[in-house]
Amino acid sequence: MESNLVRINKFIAMHSDIARRTVDEFILQGRVTINGVSITQPGFKVDPSKDKVSVDGEPIKISTKKIYVILNKPVNIISSVSDEKRRKTVVDIINLKERIFPVGRLDFDTTGLILLTNDGDFANKIMHPKYKVDKTYIVQISRPLEERHKIKLMKGIKIEGIRTGPCEIAFPKRNDFSTVSITIHEGRNRQVRNMFEHYGYFVRSLHRSSYGPLTLAGLKSGEWRYLTAKEISSLITE
Ligand code: URA
């Protein structure tokens, strides 16, 4: 029946952590098979009740349940699905039977709010620079932040040839200018560390306290919970 058919890229994105655009590339590279036959058209449709779809020879298992988790990441945990050095990962902490993956990453020694999901399209969407999700970090630096550096960092500085966007910086503790809260709207690799290190501040600790409208209220280090439907839509409609 025609109505059972789904586009192959949508089908794979729904049942794996591979985003739809990546699926299209895989299809063009001949890495996707339907019933053992390699296909090369991204618009191809499949019947999920009958067709056996594989990527690189790995069958795609049908999972209808979308999972969205918020975790308060402890220190010294790796933000990936697996680690070749067999260090503990954020996925090990959650320990669900469904395959989930972190949305973006926090450094090994960064703590705080990280999202995990099995929804590749959702992850891609909220990480896209267009959405500019605000991320707030509490940073302990090695000496009080000087006003002239604060002003420059807020306007944006050049790191590896690329200018950081404007950000907000505040001091959440009275008379403590080594504890800084910084809200950025982008997410380059090691961005916050690089920003402070640019002016010679050593980052003693880094904690993400919020992500868009979400905070860690009620979650101790190492604790997690599922997001509510309202929280999920608040992230993509902001
Ligand atoms: N910026 C960093 O430098 N590290 C993180 O883990 C997150 C943001």
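Couple of notes before you dig in:
- Straight-line cross-link partners of Lys50 among the lysines, defined as a Cα under 18 Å from its Cα and at least 8 positions apart when in the same chain: Lys10, Lys61.
- Annotation for Asn175 and Asn124: the two label points, set 7 Å from Cα along the Cα-Cβ direction, are 5.3 nm apart.
- Label-point separation, Asp83 to Thr40 (7 Å along Cα→Cβ), nm: 4.2 nm
- Applying a DSSP loop filter and a limit of 16 other Cβ atoms within 10 Å to the GluC sites (Glu not before Pro) in segment 1-104 leaves Glu84, Glu98.
- Its Cα centre serving as origin, the chain has a Cβ charge dipole (Lys and Arg +1, Asp and Glu -1) of approximately 440 debye.
- Percent carbon-and-sulfur accessible area, the chain, ignoring ligands, DNA and RNA, probe 1.4 Å: 52 percent
- Using the rule -39500 (n - 2.57) for each DSSP H run of four or more residues, divided by the residues of the chain, the 222 nm mean residue ellipticity is -6000 deg cm²/dmol.
- 28 Å Cα-Cα threshold exceeded, pairs from Lys132/Lys158; Lys85/Lys130; Lys65/Lys85; Lys173/Lys220: Lys85/Lys130; Lys65/Lys85
- Charge-dipole axis of the chain as Lys and Arg at +1 and Asp and Glu at -1 on Cβ define it, positive-most pick from Leu71, Ser210, Thr228: Ser210
- All aspartates and glutamates inside 14 Å of Lys135 as judged from Cα atoms, apart from same-chain residues fewer than 8 positions distant: Glu168, Glu186, Glu238
- Between segment 40-79 and segment 183-238, the alpha-carbon centres lie 25 Å apart.
- Pairs from Lys73/Lys97; Lys88/Lys155; Lys52/Lys230; Lys88/Lys152; Lys45/Lys66 whose Cα-Cα separation, in the structure shown, is over 31 Å: Lys88/Lys155; Lys52/Lys230; Lys88/Lys152
- Global form of segment 79-142, assessed from the alpha-carbon gyration tensor, a/c cut-off 1.5: oblate
- When peptides 68-75, 119-126, 174-181 are sorted by average Cβ neighbour count within 10 Å, with the highest value leading, the order is 68-75, 119-126, 174-181.
- Taking all protein chains into account, the per residue accessible area for the chain stands at 55 Å² (1.4 Å probe).
The values are calculated or read from the model by the stated rules, or taken from the named source; none is laboratory data. Remember, predicted model here, so these are calculated numbers, not experimental data. No Cβ is skipped: glycine too gets one built from the backbone with ideal geometry, and neighbour counts run over all protein chains shown. To get the accessible areas, we keep the full protein, side chains included, count just its heavy atoms, and leave off ligands, DNA and RNA. Shrake-Rupley method; radii C 1.70, N 1.55, O 1.52, S 1.80 Å.
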